[in-house]
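K.L.:
First the structure, then my questions, so here it is.
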Amino acid sequence: MTMPEQRRILATAIPGPLSLERHATRKAELANGLGTTMPVFIDRAGGGVLVDIDGNHLIDMASGIAVTSVGASHPEVVRRVSEQVERFTHTCFLVTEYDGFVDVAAALNRLTPGDHAKKTALFSTGAEAVENAVKIARAATGRPAVVVLGHAYHGRTLLTMSMTSKNVPYKEGFGPFATEVYRVPSPYPYRWPSGPERAAEEAFEALKEIVTSQIGATNVAAIVAEPIQGEGGFIVPPPGYLKAVQEFANEHGIVFVADEIQTGLARTGAMFACEHEDVVPDLITTAKALAGGMPLAAVTGRAEIMDAVAAGGLGGTYAGNPVACAAALGALKAIESEGLVARAREIEERVRLRLEELVAPFSVVGEVRGRGAMIALEFVRPGTTEPAPEMAKAVVERCHQEGVLTLLCGTFGNVIRLLPPLVIPMDLLDEAVDVLVDAVRSVA
């Protein structure tokens with residue numbers, strides 16, 4: 001199948017009649033707990049476009065939540081997946097081995113920050129990767145406690161849900177939660193009580209006090225942090241904070257885990273977001289963009305820490321599935337050969353200045369923030385910092401009606417996040433921003 005035409009086409013109202021019909025069937029057949037952002041059914045996708053069953057060409061500013069960074073049908077991914085499916089779809093690497101698993105691990109050992117000896121274990125989902133990073137840290141340290149940040153999101157399993165901050169919809173009604181998970185304040189510059197210039201120092205001091213006085217540093221196995229908080233609102237930590245946390249962890253024998261599931265693999269204009277702060281984590285988790293749309297995740301880290309778990313302690317039936325590994329090798333090749341790290345920086349340069357024009361003393365946009373092709377707008381009531389989730393929702397709905405897919409996020413539900421494919425044509429990107437800017441001004 002050829003790549004969809006790379007332009008926005010509104011063939012019907014959105015959602016169109018066929019999507020509405022299918023959505024009614026979906027509601028009858030699927031559990032209510034499975035939400036949806038945009039009730040359209042997709043027929044094909046590629047580059048920066050999603051084509052629905054009604055013939056609408058939608059501009060993709062979501063990338064399947066930062067998954068299809070190389071597009072939803074990159075030729076190198078498609079070719080490798082097709083070849084692998086013809087050979088075999090599964091054997092379970094823990095039973096019989098295959099090259100793809102080892103090749104993906106070797107690539108991650110090479111690409112992740114630091115020149116120390118590294119090893120990798122592959123899994124299927126981001127939540128699995130985070131859970132296994134905690135398992136590895138506990139095995140390596142012999143300690144139970146895990147420290148996470150406010151506004152964090154780490155997944156939907158019992159442990160990762162416990163590590164996640166936001167209650168609704170991720171935690172409400174699902175308790176009791178996992179024990180030995182402790183939360184410290186997130187340095188959220190826009191909302192830091194004493195001002196953004198104090199956020200790094202004061203948040204770090206709070207972390208130190210909680211770890212040393214309330215938990216006991218000798219009880220802490222891991223500090224887990226997103227280098228940019230994703231679901232929490234694309235919160236970029238102030239300069240120096242992550243480095244201070246890493247050094248504190250090293251000083252106390254605590255494993256520092258960078259959760260790069262949303263930020264990793266070129267998204268922020270570096271191969272990994274922690275590189276912006278010169279941070280070398282002990283363990284790093286990846287998923288989302290790793291396999292170009294196939295389910296694959298990884299934990300990569302210092303060899304001596306990774307080897308702390310005895311044989312049989314890590315794995316899973318589908319962990320490192322051969323088809324997903326083939327997709328990952330194609331996606332990683334595309335990221336490197338097509339210069340997508342630099343492309344993410346170009347996207348930021350093109351988008352950020354235009355969005356920052358929306359920020360003014362009495363604007364509904366309180367802040368524009370992010371790095372690379374991971375940009376967000378926080379919506380507030382004019383003249384205040386009070387969250388305005390209804391305004392953000394109205395802007396998203398207007399964008400959807402105009403054929404531009406955008407996503408909400410943020411602890412308060414008042415942040416619009418932009419995650420375009422890194423291969424999106426620049427004229428298509430400009431058009432999407434046009435629609436977004438018009439929607440903001442219309443709602444305002």
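K.L.:
Within the range 285-300, does at least one residue satisfy the condition of being part of a loop (DSSP other than H, G, I, E, B), surrounded by fewer than 24 Cβ atoms within 10 Å (Cβ to Cβ) and on the phi < 0 side of the Ramachandran plot?
P.N.:
yes
Here is a yes/no grid of residues against (1) crowded, with 21+ Cβ neighbours inside 10 Å; (2) closer than 24 Å to Ala298 by Cα:
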| residue | (1), (2) |
| --- | --- |
| Ala137 | yes, yes |
| Ala152 | yes, yes |
| Ser162 | yes, yes |
| Ala178 | no, yes |
| Pro196 | no, no |
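K.L.:
Test Gly312 against the criterion of being in contact with a Cys (Cβ under 8 Å, 6 or more places away or on another chain) and not in a helix (DSSP H, G or I), and give yes or no.
P.N.:
No: the conditions fail for Gly312.
K.L.:
Give just the number: which of (1) outside any helix (DSSP H, G or I); (2) at pLDDT 95 or above does Ile335 not satisfy?
P.N.:
Only one criterion is unmet by Ile335, namely (1).
K.L.:
Further, regarding this structure: Quick one: which of Val224, Val255, Val220 is surrounded by 23 or more Cβ atoms within 10 Å (Cβ to Cβ), more than 24 Å from the chain's Cα centre (by Cα) and touching a residue at least 40 places away in the same chain (Cβ under 8 Å)? Don't jump to the end; show me each part of the working.
P.N.:
Working: Val224 fails: more than 24 Å from the chain's Cα centre (by Cα); Val255 fails: more than 24 Å from the chain's Cα centre (by Cα).
Just a single option satisfies the conditions, and that option is Val220.
K.L.:
While we're looking at this one, here's another question. So, restricting to helices (runs of 4 or more DSSP H) that lie completely within the range 40-111, which ones have at least 1 residues that are polar (S, T, N, Q) and in the same structural domain as Ile305 (by TED's automatic domain parsing)?
P.N.:
Per the criteria, 75-87, 99-111.
K.L.:
Looking at the structure I just gave you, is Val423 under 21 Å from the mean Cα position of the chain (by Cα) and of a type outside the set (Ser, Thr, Tyr)? Walk me through how you get there before you give the answer.
P.N.:
Numbers: under 21 Å from the mean Cα position of the chain (by Cα): yes; of a type outside the set (Ser, Thr, Tyr): yes.
Spelling it out, Val423 is indeed under 21 Å from the mean Cα position of the chain (by Cα) and of a type outside the set (Ser, Thr, Tyr).
K.L.:
Going through the range 23-63 one residue at a time, which ones are within 23 Å of Leu10 (Cα to Cα) and β-branched (Val, Ile, Thr)?
P.N.:
Within the range 23-63, Thr36, Thr37, Val40, Ile42, Val49, Val51, Ile53, Ile59 qualify.
K.L.:
Hey, another quick one. State yes or no: is Leu405 modelled with pLDDT of 95 or more and either closer than 28 Å to His154 by Cα or assigned by TED's automatic domain parsing to the domain that holds Asp60 (or both)?
P.N.:
Considered against the rule, which asks whether it is modelled with pLDDT of 95 or more and either closer than 28 Å to His154 by Cα or assigned by TED's automatic domain parsing to the domain that holds Asp60 (or both), Leu405 comes out as yes.
K.L.:
So which residues in the range 46-97 are of a type in the set (D, E, K, R), under 25 Å from Leu265 (Cβ atoms) and surrounded by 13 or more Cβ atoms within 10 Å (Cβ to Cβ), if there are any at all?
P.N.:
Selection gives Asp60, Glu76, Arg80.
The values are calculated or read from the model by the stated rules, or taken from the named source; none is laboratory data. No experiment lies behind these values; they were computed from the predicted model shown. Cβ atoms come from the backbone with ideal geometry, glycine included; neighbour counts cover every protein chain shown.
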